[in-house]
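Inspection log for the structure reproduced underneath, given as structure tokens.
Where a number appears in this text, it was derived from the coordinates with a stated rule and is not lab data. Given the structure is predicted, the values throughout are model-derived calculations rather than measurements.
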Amino acid sequence: MASVFLASCGSDDEAENADGTVALSGVNGDPSNGPSGAPWGSIQIKEGWDKADGYTLKWDVAQSAAAGLQLLSAGKVDMSQGSAPTAYAAAKLDPDLRIIGFLNGPAYLMVAPEGSGIEATADLKGKKIGVMALGSASDMMVRGSLNEAGLVPDKDVKILPIGVGAPMAEALNSGTVDAIAGWEGMWQSISALTDTPLAPVESAMSDLPGMMLQVTTQEVLEEKNDELVAYMRNFYKGCAVAAEDPARAVADHWDVFANVSPPADKYDQQLADQADWNQNFFSICAAPGAETGVPGVLSEEEVKTVYDWLRKYNILEDDVDYETIVDTSVTEEAMKDLDLTTWASEYLAENPAD
């Protein structure tokens, strides 16, 4: 998918479109392209917010958060959604990367079948946990969480690579693993495929704020500042609309990305299921920072706490200049004097679904 996107969104893109809007492009690092990714692109494209604010958004998916950041560094896209571990690691190689907005709730989590007795990280002793790939961000975050709970990875807990999507569900159903770890959207993408409903496992990585974030470059930040402000405003508006009406968000996503839409005979049931499964994530997405009170913005202390945790457990192998890398000025501007909850309620009342 990343190579396809490279071909379709190369550096020959014109900065301004024929209709006078500015071209803005980005990728989501979730290869499953599930409805949890709706606020990043499909909601604002479907609802027409991008063109109304002077830009035309082109949004797609990459094979991983790391692949998305590679596209960004190569100048193939203007933005990339990713995770804190991959963004900081990428910024070590490309110091021009800039983190411009956070999701203020947990993004990484572990889940296990309901009734399994696995409720917290300490319960994983002697168990097997599946991650997307060894060395991936999910793998490293699990290892940090295990260490935090006093468990030794690969000794007290066996960690197995099981891929993403359907293979995760199959690994749980077959008993190959007892729990799985990944990003929030992963849980929703496989919930329809597991024999037993899944429940979150309490872990250190789920207590860290701002683990999912939006990244651009210093060049884009300077050249498309107004468009980035509008994009970030629309992103959090999308989160708020999705939190208020998750079914609309899911439907918007499937309309824009018809290739992941379910067949007609399963559409209504899957729409209801996905709306239910993603409700919590959409609410997290729209939530204000615990210390700043502003969606998308963490305090300096929160940023430092997350960075120090990543370094403590060697999830980040090298020091990076995180104070320079984090620049949430466009998000702060976007959120100024905006009450998301009130705005979303009024928008939905004035713009009922088709």
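Couple of notes before you dig in:
- Cubic angstrom per residue, convex hull over Cα atoms of the range 180-273: 154 Å³
- For the residue pairs 76/312; 46/266; 312/336; 58/336; 128/312; 127/266, the C-alpha atoms sit more than 29 angstrom apart in 76/312; 312/336; 127/266.
- Under-5 Å amide H pairs with residue 58, H placed in peptide plane, nonlocal only: 24, 25, 26
- Helix runs (DSSP H) in the chain reaching 20 Å along axis by Cα, Kyte-Doolittle at least -0.5: 225-244
- Sequence-separation-based contact order of the chain, relative, with Cα cut under 8 Å and 6+ spacing, percent: 24 percent
- Summarising the amide proton neighbourhood of residue 289: residues at separation of 5 or more, or on other chains, whose placed amide H is nearer than 5 Å comprise 294, 296, 297.
- Across the range 195-354, C-alpha contacts under 8 Å between residues 6 or more apart give a mean separation that, scaled by the residue count, equals a relative contact order of 30 percent.
- Relative contact order %, the range 158-262, counting alpha carbon pairs below 8 Å whose residues are six or more apart: 14 percent
- When the alpha-carbon atoms of the range 20-140 are used, the pair Rg, Dmax equals 17.3, 60 angstrom.
- Gain on full stretching of the segment that runs from residue 268 to residue 193 - 0.36 nm per residue minus C-alpha separation: 25.3 nm
- Between amide H atoms placed 1.01 Å from N, distances below 5 Å from residue 217 occur with 98, all of them 5 or more places distant or on a separate chain.
- Counting only Cα atoms, the chain measures 60, 51, 40 Å along its principal axes, largest extent leading.
- Alpha carbon centroid spacing (whole Å) that separates the range 238-282 from the range 298-354: 23 Å
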